[in-house]
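The values are calculated or read from the model by the stated rules, or taken from the named source; none is laboratory data. Source: prediction; values computed, not measured. Note: ideal-geometry Cβ built from the backbone for every residue, glycine included; neighbour counts use all protein chains shown.
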Amino acid sequence: MSQTPGHSPVKLGPKDLSQVEVKHPEEVLRKGEKVRCFVKFRKDFMALSMLDTFKDRLRVSQLEKGHSYDAKVVHVNPRIGAFVDLGAVANGLIPLKTLPGASNKEKAEALRLGSPPGREMQVRVVDVDVAKGQITVAPAKPT
């Protein structure tokens, strides 16, 4: 819950973000990111909901293994891999372990240089875990 002096408390819970289970808002939002949300008034606080903003996006259950999608790199984590927006309610992950290279450091550097945030690319769905809302993808063409 965040509160600004002189303003009512606002609560944004995981269930207000996605119909897929989200454990923490940071799984779908980044600090400073501008978002569209809807105001819901509760008993003693005001809640913000983003559920309606996801209505035009693919559900995780609609993604099929082996299919390719247009995606945009949204974040590169040097310890995990690259997160891409492929038009679903959750971002896909290109894990470091799936990329060619000798060491994770080498793979992370190649990913950082070859796939900066904002870069558009084709990705292929490798695995979908509907229960966890996780999508594992790989570049459709090597980076």
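On the basis of being outside the structural domain of I135 (by TED's automatic domain parsing), surrounded by 15 or more Cβ atoms within 10 Å (Cβ to Cβ) and modelled with pLDDT under 65, does V28 make the cut?
Values: outside the structural domain of I135 (by TED's automatic domain parsing): yes; surrounded by 15 or more Cβ atoms within 10 Å (Cβ to Cβ): yes; modelled with pLDDT under 65: no.
It is false that V28 is outside the structural domain of I135 (by TED's automatic domain parsing), surrounded by 15 or more Cβ atoms within 10 Å (Cβ to Cβ) and modelled with pLDDT under 65.
Working only within region 118-143, note down all residues that are touching a His at 6+ places or on another chain (Cβ under 8 Å) and either outside the structural domain of A90 (by TED's automatic domain parsing) or among the hydrophobic types (A, V, I, L, M, F, W, C) (or both).
In the first step, residues of region 118-143 are kept if they are touching a His at 6+ places or on another chain (Cβ under 8 Å); the result is 124-125.
Residue satisfying the conditions is V125 alone.
Answer yes or no: is there a residue in region 95-106 that is modelled with pLDDT under 90, at negative phi, of a type in the set (S, T, N, Q) and in contact with a helix residue (DSSP H, G or I) (Cβ under 8 Å, 6 or more places away or on another chain).
Yes, there is a match, as at least one residue in region 95-106 is modelled with pLDDT under 90, at negative phi, of a type in the set (S, T, N, Q) and in contact with a helix residue (DSSP H, G or I) (Cβ under 8 Å, 6 or more places away or on another chain).
Please enumerate the residues belonging to region 112-139 that are more than 15 Å from the chain's Cα centre (by Cα) and β-branched (V, I, T).
V126
Which residue pairs have Cβ atoms closer than 9 Å, lie 6 or more positions apart in sequence or on different chains, and pair a first residue in region 119-143 that is in a loop (DSSP other than H, G, I, E, B) with a second residue that is surrounded by fewer than 17 Cβ atoms within 10 Å (Cβ to Cβ) and among the hydroxyl-bearing types (S, T, Y)?
V130/S61; A140/S68
Among residues belonging to region 46-58 that are part of a loop (DSSP other than H, G, I, E, B) and surrounded by 15 or more Cβ atoms within 10 Å (Cβ to Cβ), point out the one that is modelled with the highest pLDDT.
Here is the first cut: in region 46-58, the residues part of a loop (DSSP other than H, G, I, E, B) are 50, 55-57.
Adding the requirement that they be surrounded by 15 or more Cβ atoms within 10 Å (Cβ to Cβ) leaves 50, 57.
Working: M50: 66, R57: 73.
Checking each candidate, the answer is R57.
Scan region 74-112 for residues that are in a strand (DSSP E or B) and in contact (Cβ under 8 Å) with a residue 12 or more places away in the chain and report the count. Outline the logic, then answer.
Quick first cut of region 74-112, residues in a strand (DSSP E or B) only: 74-77, 81-85, 88, 92-95.
After this cut, where a residue has to be in contact (Cβ under 8 Å) with a residue 12 or more places away in the chain as well, the list is 74-76, 81-82, 84-85, 88, 92-95.
Adding up the residues that qualify gives 12.
Within region 69-100, count every residue that is over 24 Å from E33 (Cα atoms) and loosely packed, with under 14 Cβ neighbours inside 10 Å.
Here the count works out to 2.
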